[in-house]
Amino acid sequence: MKNIKQIVFKLLNDPDPSIRRKAAEELAHADEKAVYPLIKALKDENTAVQEAAMQSLISLGNENRFLINSGEVVTYMVIPLLKEEEAYLRNTAILIIKEIGHRAPELIYKLLKDKDSDIRKFALDLIADIKEGFDGARILPLLKDENGNVRAAAAHALGELGYKEAIPILIECLKDEEWVVFYVLQALAQLKAEEASESIGELLLSTDSLLIKAEAIDTLGKIGTEKVAAPLLKYFPVATKDEKKEIVKALIRIGIIPDGQGLKEEILSIFAEQEWEEKLIALKAVKLLNLVEAVPLIVEEAGALDPSCFDYEEKIEALQETLLSIDSEDELISMIEKNKLKYRAKAFVIKVLGKLRSKKAVPVLIKLLEDIKRDIRIASAKALGEIGDKEVLQPLIKRSTEDPDANVKKAAIEALGMIRVPEAYEPLYHLLEKEAYPDIIEAIVAALISIDQERFLKNLKSYKKEVKQALAGMTYSIDILNMLSQCEDKEVQKAAIYGLGRVATEEAIAKILEFIKSDALELKKAAILALGEANFCSDVLFQCLEDEDPWVRYYAVKSISKACAPEILMEKLIPLLDDPFPPVVIATVEALGEIGGAQVYDILASKREHPHREVKEKIEEVLQKI
């Protein structure tokens, strides 16, 4: 590097702080002669210079540029700063040693014997942060230090190091002063010190400190084994209200919740009053105890949740799963029979009863098919479909044919398909003949196939085109799709060809390739799109890029962008940027934009002055995203 003396001179003497900062940064690549000047620069009046000097010292301490251990050299030179009166310098020294101290453990061990208790504490805090390269055995004597802060720091360091051999001595330290005991408890929690459970239980009963009681309960919960249950339960009768909640949460975490002792009331209280994370803990207890008393609270919580919240589905799932895990059926039925639930809560209960396949709920759910609110009717129809009782056949048929709301009709039709009762076939078949809405037609077709596929397919040729299109959109049968692809109606043929792309077997693709050669442009376009759906990248598609019909080229670009690897896309599509048909160019720009990268950016940037306004705008839009 440049003459180090010149750089050091700039660092320590130049009036321009930006030059001093740059000099500090350059010294990160020097040797041991740079350490002292950089330490002096830590006292610079400019914070940017100070920061640069600190980072350079860290860099020097972590590299092997010196003839001896650079970590030891820098640490040795920085340690005196720990005794500076100015807090900034002490904190800077700590930050530096945190980063490089793993290379100089013996120097930090020496600090453990310093006469200044603050230095001993600094050293222990550094060991706790660094961890790597340190031995807990060297820290144990500090648990007997004359200074309480040092003893607390020693306990903290032992916990951070995971030094289990310290557990017997840490247990003895539970008799220390409050602040030390607090850190001892934290260390025992980190060490999962099961053997300390009894002593911590004795501490709970003997201490007057609310802080220590709270930490002791938390520690037992974090230890998390069966041994902690006894001391927690022993203290429970004399615990405060808040402590009881924490004890119950600790017991739930380890899966031990004995009957009696008022634990059920605390579980219900936690669920009713606490934040969601605590509610989840309470739900675990509800399942463990089969706590039916919690059902109304769970339903109320579900009804109060806002569906627009990002975690709504996750919360609803947790509440539902809990009700499915306990004996909630009778309570849920009772709640909807009383008809006092708000809309969302009622819909939730109906859904759960469906998941439970509750035969007992059928009569009340049939009544709810007549509810004034359409969403309740929809939920009831879906639940009855899941329950699958033949008793619900006529009420569901009535909803599927007479309900004024199309969504309710669809739910009832889907429910009949789930139940698969032969008696439902004729009413649905007749409904199919007069139904006009595509989504309802799809639901009827799916239900009829579910009830009796053979019977439905016998009349395939006689169905109106909307029925055939619906069938093409849902079936995975090559035979059915082949049959539909031969229909006279072009819309049905297109739907069948696209269905073959969804199936994507060799036989299906072979059939699609036949339509690529079709003189009927609409079928050819459908076949091109179907190959894209099947992710079939082939020369056939590439040939379509040169077709005289501009829309064939357009659909070929769309399919190739779905089916082919980026390198093939680049090769085949770049020439299309000069296509005379603007939609083809726009589709090509979009496809290349999905690939992204510098090469695509440069290619598209070269086309910025395209004569067509919409193409030009699309290029700019894609370039901004890249």
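The values are calculated or read from the model by the stated rules, or taken from the named source; none is laboratory data. Keep in mind it's a predicted model, so treat the numbers as computed, not measured. FYI the Cβ positions are ideal-geometry reconstructions off the backbone, even for glycines, and counts take in every protein chain you see. Note: areas computed on protein heavy atoms with side chains; ligands, DNA, RNA excluded. Shrake-Rupley method; radii C 1.70, N 1.55, O 1.52, S 1.80 Å.
Can you check what the net charge comes to around E533, using other residues whose Cβ is under 10 Å from the Cβ of E533 (Lys, Arg +1; Asp, Glu -1)? Before the final figure, lay out the partial values.
Numbers: positive: R502, K562; negative: none.
Value of the local net charge: +2.
So between K43 and R138, what do we pick up on full extension, going 0.36 nm a residue minus the alpha carbon distance? Show your work: numbers first, answer last.
Working: separation 95, 0.36 × 95 = 34.20 nm, distance 3.35 nm.
This chain segment gains 30.8 nm when fully extended.
K434 to C309: FRET efficiency via 1/(1 + (r/R0)^6), r the Cβ-Cβ distance, R0 45 Å, to the nearest 0.05? List each step's numbers first, then the result.
Numbers: r = 42 Å, r/R0 = 0.93.
That pair, K434 with C309, gives E of 0.60.
Using the structure shown, select from K279/K315; K351/K468; K315/K351; K113/K164; K144/K164; K490/K517 the pairs with a Cα to Cα distance greater than 21 angstrom. Display every interim value, and only then the final one.
Numbers: K279/K315 10 Å; K351/K468 33 Å; K315/K351 15 Å; K113/K164 23 Å; K144/K164 18 Å; K490/K517 16 Å.
Over 21 Å Cα-Cα: K351/K468; K113/K164.
Per DSSP helix of 4 or more residues, -39500 (n - 2.57); summed, then divided by the residues of the chain. What does that give at 222 nm, rounded to the nearest 500? It would help to have the intermediate numbers written out before the result.
Numbers: 38 runs with 433 residues, N = 626.
Using -39500 (n - 2.57) per qualifying helix, the result is -21000 deg cm²/dmol.
Near M335, within a Cβ-to-Cβ distance under 12 Å, what is the net charge of the other residues, with Lys and Arg +1 and Asp and Glu -1? Please list the in-between numbers first.
Working: positive: K338, K340, K342, K346; negative: E300, E329, D330, E331, E337.
Computed value for this residue: -1.
Pull up the cross-link candidates among the lysines for K10, meaning alpha carbon to alpha carbon under 26 Å and not fewer than 8 places away within one chain.
The reachable lysines, counting only those whose Cα sits under 26 Å from K10, are K2, K22, K33, K40, K43.
Excluding same-chain residues fewer than 8 positions from K115, which aspartates and glutamates have a Cα within less than 19 Å of its Cα?
E84, E85, E106, D125, D145, E146
Do any of K284/K373; K244/K284; K360/K390 go past 25 Å between their Cα atoms, and which?
Numbers: K284/K373 34 Å; K244/K284 17 Å; K360/K390 13 Å.
Violating the 25 Å Cα-Cα cut-off are K284/K373.
Would you rank I603, I528 by solvent-accessible area, highest first, keeping every protein chain in place and using a 1.4 Å probe? Numbers along the way, then the final one.
Numbers: I603 35, I528 0 Å².
Reading off the accessible areas and sorting them downward yields I603, I528.
Charges at C-beta only: +1 for Lys and Arg, -1 for Asp and Glu. How large is the resulting dipole of region 254-352 about its Cα centre, in Debye rounded to 20? List each step's numbers first, then the result.
On the way: 11 positive and 21 negative charges, 72 e Å.
The calculated dipole for region 254-352 is roughly 340 debye.
With a Förster radius of 60 Å, plug the Cβ-Cβ distance of R420 and R65 into 1/(1 + (r/R0)^6) and report the FRET value to the nearest 0.05. Walk me through the numbers on the way to the answer.
Working: r = 78 Å, r/R0 = 1.30.
Computed FRET efficiency for R420 and R65 comes out at 0.15.
Could you pull the accessible area for E337 with a 1.4 Å probe, rounded to 10 Å²?
120
List the equivalent ellipsoid semi-axes of region 378-429 in whole Å, largest first, each obtained as the square root of 5λ for an eigenvalue λ of the Cα gyration tensor. Numbers along the way, then the final one.
Numbers: eigenvalues 43, 33, 13 Å².
Gyration-tensor ellipsoid for region 378-429: 15, 13, 8 Å.
For region 366-507, with equal point scatterers placed on the C-alpha atoms only and solvent neglected, what are the log10 I(q)/I(0) values from the Debye formula at q = 0.18, 0.19, 0.20 1/Å, to two decimals?
Debye intensities relative to I(0), on a log10 scale: -0.95, -1.02, -1.09.
Heads up, I need the accessible area for F9: 1.4 angstrom probe, whole protein in place, Å², nearest 10.
Probe radius 1.4 Å; accessible area of F9 about 130 Å².
How big is the dipole moment of the chain about its Cα centre under a simple scheme where the beta carbon of each Lys and Arg is +1, that of each Asp and Glu is -1, and everything else is neutral? Debye, nearest 20, please. Please report the intermediate quantities before stating the final value.
On the way: 85 positive and 109 negative charges, 90 e Å.
Using only the charged Cβ atoms, the result is roughly 440 debye.
Using only alpha carbon pairs under 8 Å that are at least six residues apart, calculate the relative contact order of region 418-568 and give it in whole percent. Before the final figure, lay out the partial values.
Values: 191 pairs, mean separation 21.6, N = 151.
Averaging sequence separation for qualifying contacts and normalising by length gives 14 percent for region 418-568.
When all C-alpha to C-alpha distances in the chain are sorted into bins of 10 Å, what percent of pairs does each bin hold, rounded to whole numbers?
3, 11, 11, 11, 13, 15, 15, 13, 6, 1, 0
How high is the relative contact order of the chain, given as a whole-number percent (alpha carbon pairs under 8 Å, six or more residues apart)? Intermediate results must be reported in sequence, preceding the final value.
On the way: 871 pairs, mean separation 23.7, N = 626.
Across the chain, relative contact order equals 4 percent.
Each residue of region 33-42 in turn: what ³J(HN,Hα) in whole Hz from Karplus with 6.51, -1.76, 1.60 and θ = phi - 60°, glycine and Pro shown as x?
5, 8, 5, 4, x, 5, 5, 4, 5, 5
What fraction of the Cα pairs in region 458-589, stated in percent, has a spacing above 17 angstrom?
Working: 4811 of 8646 pairs.
Roughly 56 percent, once rounded to a whole number.
What nm value, rounded to one decimal, do you get for the distance between A214 and L460 when each label is placed 7 Å out toward the C-beta?
Spacing of the two 7 Å Cα→Cβ label points: 7.2 nm.
Over region 117-248, what is the relative contact order in percent, taking alpha-carbon pairs closer than 8 angstrom and at least six residues apart? Provide the component values of the computation, followed by the final result.
Numbers: 172 pairs, mean separation 24.5, N = 132.
Reported relative contact order: 19 percent.
Measure off 7 Å from each Cα along the Cα-to-Cβ vector at Q486 and K98, then give the distance between these two points in nanometres to one decimal.
Computed distance between label sites Q486 and K98 equals 7.7 nm.
With r as the distance between the Cβ atoms of R253 and E86 and R0 = 56 Å, compute the FRET efficiency 1/(1 + (r/R0)^6) and round to 0.05. Each step should come with its number before you reach the end.
Values: r = 46 Å, r/R0 = 0.82.
Efficiency, from the Cβ-Cβ distance: 0.75.
What distance in nm separates the two pseudo spin-label positions at D118 and D242, each 7 Å out from Cα along the beta-carbon direction?
Placing both labels 7 Å beyond Cα along the Cβ direction yields 3.3 nm.
Just to be sure I understand: if I project the alpha-carbon convex hull of region 416-472 onto a plane and average over all orientations, what area do I get in nm²? Provide the component values of the computation, followed by the final result.
On the way: hull surface 13.7 nm².
Mean projected area of the Cα convex hull: 3.4 nm².
Send over a whole-number figure in Å² for the accessible area per residue of the chain, probe 1.4 Å. Before the final figure, lay out the partial values.
Numbers: 31060 Å² over 626 residues.
That works out to 50 Å² per residue.
Just to check I understand the Karplus step: with θ = phi - 60° and J = 6.51 cos²θ - 1.76 cosθ + 1.60, what whole-Hz values come out for region 611-617, glycine and proline as x?
For region 611-617, the Karplus-derived couplings read x, 8, 4, 5, 5, 4, 5 Hz, x marking Gly and Pro.
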